[in-house]
There are 4 protein chains.
Amino acid sequence: DLPVALIAGPCQMESREHALEVASALKEIAGKLGIGLVFKTSFDKANRTSANAQRGMGLEAALPVFAEIRESLGLPTLTDVHDAHQCAAVAEAVDVLQIPAFLCRQTDLLLAAAATGRVVNVKKGQFLAPWDMKNVVAKLTGAGNPKVLLTERGASFGYNTLVSDMRALPEMAKTGAPVIFDATHSVQQPGGQGTSSGGQREYVAVLARAAVAVGVAGLFIESHPDPDHAPSDGPNMVALKDMPALLERLMAFDKIAKAA
Amino acid sequence: DLPVALIAGPCQMESREHALEVASALKEIAGKLGIGLVFKTSFDKANRTSANAQRGMGLEAALPVFAEIRESLGLPTLTDVHDAHQCAAVAEAVDVLQIPAFLCRQTDLLLAAAATGRVVNVKKGQFLAPWDMKNVVAKLTGAGNPKVLLTERGASFGYNTLVSDMRALPEMAKTGAPVIFDATHSVQQPGGQGTSSGGQREYVAVLARAAVAVGVAGLFIESHPDPDHAPSDGPNMVALKDMPALLERLMAFDKIAKAA
Amino acid sequence: DLPVALIAGPCQMESREHALEVASALKEIAGKLGIGLVFKTSFDKANRTSANAQRGMGLEAALPVFAEIRESLGLPTLTDVHDAHQCAAVAEAVDVLQIPAFLCRQTDLLLAAAATGRVVNVKKGQFLAPWDMKNVVAKLTGAGNPKVLLTERGASFGYNTLVSDMRALPEMAKTGAPVIFDATHSVQQPGGQGTSSGGQREYVAVLARAAVAVGVAGLFIESHPDPDHAPSDGPNMVALKDMPALLERLMAFDKIAKAA
Amino acid sequence: DLPVALIAGPCQMESREHALEVASALKEIAGKLGIGLVFKTSFDKANRTSANAQRGMGLEAALPVFAEIRESLGLPTLTDVHDAHQCAAVAEAVDVLQIPAFLCRQTDLLLAAAATGRVVNVKKGQFLAPWDMKNVVAKLTGAGNPKVLLTERGASFGYNTLVSDMRALPEMAKTGAPVIFDATHSVQQPGGQGTSSGGQREYVAVLARAAVAVGVAGLFIESHPDPDHAPSDGPNMVALKDMPALLERLMAFDKIAKAA
């Protein structure tokens, strides 16, 4: 039972400078607290509610920035892939390939991600029972890649609402894969603002505390210098300045959760 | 932010001796840990899945036992009422009147319970949003009784399944009422065994840990010397022998949850 | 496979005159269409969202009106009971005793209703799977009363929302009891207006058409001369003037649904 | 309000002979009843529960068969695409491109499908509210392709269960797009058999009747000569021999649903 790790960063890569600035700030916060950090950001928001919403920098522009963050800051990085064809290129610059929740059953994408040999983090679909993730794990391990992470990010609960079933964490852990709790997207209100998704930032800490007390290998918390002006997931990102106090409390819970 | 309190006892009062034995055992456990205890048991299971299931000792036989537990052990007691006509009599022997979840909208029952002046603990209906409990609280306080507790015990999630939305705890706390988490009935699988409800005892601790980390005034955990042979809710009660370790861990989480 | 019957009337009995007026109007409508009619209205809304909402005329004032409607108009009547003590008195004036959805598992109420020998119509709880209604039927038939109707009125679907699972109709029919579809409360939005429930009147016809095509013994449609000024369930009642066209279409579907 | 059309065929293309045989049989059935038919089958089951499940013939082998069916039988065809790169090639041989439910928010796939100029049929995600499909329609029409169909195939309802909300049909129709009801996948039990999905074939007719009575532009019903031995979706496909009686009844409902 290792201490909880942190996957954090801005929802989308807005620019090289922005990504480096946030990565540096998170590195400093994580360093002071002694928490392991993986820097997360997306090069493409491929399933925005509306086609008019900003999608991000794109693969080609983003990969050198990921490489730079890894090299200059020494941080492992994570990003999401949307298409089997992207996996090989992304794997050269990025340490963890993430499969989006909507795509967690797409066999070709899973196999292409597995084939890179990188760690693969699969978000559980909002439409999937936690025990059904064993089939997803089997697709990856069956392809020869045992480095699988599973992430809970909420289950559909009526319309425009997600609910976080804390039983999903130990259920998914039965697969043997480390389980991450995504406190950012679990408080999303899908489609809740008509042409974009809403969110309940005030409940990020609530659900993160619950998950850590239950026991998780890692937390996924999107963070941003100025969430209210972020191009996506603003309503559910945590401001960088609020991260240290949040993480400190979570680490205290984690210590008790994992005490013998 | 007072330390978490405990509402515990066997699902139903099986006999005077059984009730006293469990109450004594819980008193000793709670005393050693310094946790406040309210003894809970039911004199009538008024809404069993099947009419053939055992209902309990009944009101008249149970009230003297409640009085005896209060007097001889010095424990406050809690029991559930199902009918407005029962409230006055129950209030003479019992300290907290509990409104069952299915009945949380029955105005007459709420008003009769309020009229006793006793503390009233209302379980949130499986069919109710947490923010709608403010109307329930208003029925009680509007009747002149401000001593209201609210208890989360799971929300309907498809058929034969409940889910515990941890956001419900701070949502209900907005009413000003202390919020209890019922870890026993939240793991119930309603009707899940055909003619009785199933349960997932292994998830009592999981959900209780989550709730305490979020922050609650109290925990509701049914416990029994031999749950597998209990006449009701056996699949989700905790064995008395497992309570000390469970409570100790929960109190450690509670301390962090309520640290300044 | 008898033709579909109709249970209709205003949500609550507002006055003797109002009840008689609506009953007469419905009798005329039903007579012209050749559809069997049971007149429904409530003497007490015992579980309003808010304690300040109007509850109705009360038992004593209402019973003579029910008796008068039966006698002067020759209509069978239906009303809901909330307490075991009410059943015997209600059974003297009313033909069908209805068990509200929240109370469908209250054993004493079911047994008291069964003991009257009247037809008992049980609404399925929003928290109950359709196959679990067999246990409810068994409580009634086990008490010696085989005259049971079951009514679908929506299942909890996230917060403040119900969904009508049309599979519930044939599922409940497996018990052997005639199945009614309540098109009024199935479009309710529980608590959806803060201190009262909302409703989607535009979907009454949609769901009623679906249910009749699937095949039901009866329809439950609350109707009112002026729904927008009704004291309860206004948002989901159908105006009397709209009933003939709605029923005519439904009867056409029913004929095909029950063709050999 | 045109008469209801039918999208039908075997879940996956098993061989050239099999596809032609089923298409011919369906053509004969549809011809006798005077119902418009689009032949549907999949060249790749890209999101099977398990990686070991049979995926189908693949794109290259299937396209000539689609072309042959169109030419020799004069039937329009429909198949699902899973990747933006497939759209152009598929559009040469197939008349309607279908976007799978899990992929209904993938912008690149939608844009590539729109760019072909073919009719695009989007299945509503199990995780999406019906009113949120307006954003999906806008992605397609915004790309210059107004030929959009929307298909209801059930919404997540707890774990391993879907529910068909009949209100979704008129909700989606507000977009102006013709609405299809998929009676095959609406009765699916996702992951319900451990390593494959279960289904409730007995409810295909139930839900199809409901949907037609509400009013739809088309029905989607997978059918097979021998469903119990089909490589996928066997538990919810309808046997070819049962189609004529089912369709005849549905057409009778449709006539009433669309009467002035």
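FYI, it's all coordinate maths here, none of it is from the lab. These numbers come from a predicted model, not from an experiment. We place every Cβ from the backbone using ideal geometry, glycine too, and count neighbours over all the protein chains shown.
For chain B, what is Rg from Cα atoms divided by 2.2 N^0.38 Å, rounded to two decimals?
In units of the globular-protein estimate, chain B measures up at 0.92.
Sorted from shortest, what are the nm distances separating the label point of A:Asp228 from equivalent points in the other copies, each placed 7 Å from Cα along Cα to C-beta?
Going from nearest to farthest copy, the values are 3.9, 5.8, 6.5 nm.
What does the convex hull of the Cα atoms come to per residue for region C:125-260, in Å³?
120
Counting only DSSP beta bridges with both residues in the protein assembly as shown, tell me the antiparallel percent, nearest 5.
Antiparallel bridges: around 10 percent, rounded to the nearest 5.
Assume the label is 7 Å from Cα along Cα to beta carbon: what separations in nm does C:Lys27 have to the matching positions in the other copies?
6.2, 6.6, 8.6
Can you pull the one-decimal nm distance between simple spin-label points at D:Lys174 and B:Glu68, each 7 Å off the Cα toward Cβ?
Rounded to a tenth, the inter-label distance reads 6.3 nm.
For a test of the definition: using alpha carbon positions, the gyration tensor, and the 1.5 limit on a/c, classify the protein assembly as shown as rounded, prolate or oblate.
oblate
So what is the calculated 222 nm ellipticity per residue for the protein assembly as shown, using -39500 (n - 2.57) for each DSSP H run with n of 4 or more, over all residues, to the nearest 500 deg cm²/dmol?
Calculated mean residue ellipticity at 222 nm is -10000 deg cm²/dmol.
If I take R0 = 56 Å and measure r between the Cβ atoms of A:Asp242 and D:Thr195 in this structure, what FRET efficiency does the formula 1/(1 + (r/R0)^6) give, to the nearest 0.05?
Values: r = 43 Å, r/R0 = 0.77.
So, using R0 = 56 Å, E works out to roughly 0.85.
With the contact rule set at Cα under 8 Å and sequence spacing of 6 or more, what percent relative contact order holds for chain C?
Numbers: 537 pairs, mean separation 49.0, N = 260.
Averaging sequence separation for qualifying contacts and normalising by length gives 19 percent for chain C.
For the rotation bringing A onto D, which A residue has its Cβ nearest the axis, and at how many Å?
A:Ser156, 2
At what distance in nm do the modelled label points of B:Ala25 and D:Trp131 sit from each other, each positioned 7 Å from its Cα along Cα→Cβ?
In this crude label model, B:Ala25 to D:Trp131 measures out at 5.3 nm.
Give the order of A:Met57, C:Met251 when sorted by the count of other beta carbons within 10 angstrom, beginning with the fewest.
Exposure proxy ranking, most exposed first: C:Met251, A:Met57.
Stick to the Cα atoms of region B:35-107, pair each with every other, and give me the Kirkwood hydrodynamic radius in Å at one decimal.
Computed over region B:35-107, the radius equals 12.9 Å.
Compute the relative contact order of region A:98-180 as a whole-number percentage, counting only Cα pairs closer than 8 Å that sit 6 or more residues apart in sequence.
Over region A:98-180, the number comes to 29 percent.
Calculate the length of the line joining the C-alpha centroid of region D:185-199 to that of region B:94-122, in whole Å.
Their Cα centres are 43 Å away from one another.
Taking a virtual spin label 7 Å from the Cα of D:His85 along the C-beta vector, which residues in region A:113-145 bring their backbone nitrogen under 18 Å of it?
Within reach of a label on D:His85: A:113-117.
Which of B:Gln12, B:Gln98, B:Gln54 ends up with the largest GNM mean-square fluctuation for chain B, with Cα atoms connected below 10 Å?
Looking only at B:Gln12, B:Gln98, B:Gln54, the biggest GNM fluctuation is shown by B:Gln54.
Taking 18 Å as the cut-off for C-alpha to C-alpha distance, list the pairs among C:Lys255/D:Lys258; A:Lys123/A:Lys174; A:Lys139/D:Lys123; A:Lys124/D:Lys40; D:Lys123/D:Lys258 that go past it. Let's see the in-between values first.
On the way: C:Lys255/D:Lys258 16 Å; A:Lys123/A:Lys174 16 Å; A:Lys139/D:Lys123 25 Å; A:Lys124/D:Lys40 30 Å; D:Lys123/D:Lys258 24 Å.
Violating the 18 Å limit, Cα to Cα: A:Lys139/D:Lys123; A:Lys124/D:Lys40; D:Lys123/D:Lys258.
Taking neighbour counts of Cβ atoms within 10 Å as a proxy for exposure, in what order, fewest first, do C:Thr49, B:Thr175, B:Thr195 appear? Please list the in-between numbers first.
Details: C:Thr49 24, B:Thr175 19, B:Thr195 15.
Least to most surrounded, the residues fall as B:Thr195, B:Thr175, C:Thr49.
Stick to Cα atoms and the Kirkwood definition of Rh, then tell me Rg/Rh for region D:37-185.
Numbers: Rg = 15.1 Å, Rh = 15.8 Å.
Reported Rg/Rh (Cα atoms, Kirkwood Rh): 0.96.
Find the centroid of the Cα atoms in region B:1-64 and in region C:9-50, then give the distance between the two in whole Å.
So the two Cα centres are separated by 45 Å.
For label points placed 7 Å from Cα toward Cβ, what is the shortest-first list of nm distances from D:Thr195 to its copies?
3.7, 4.7, 5.9
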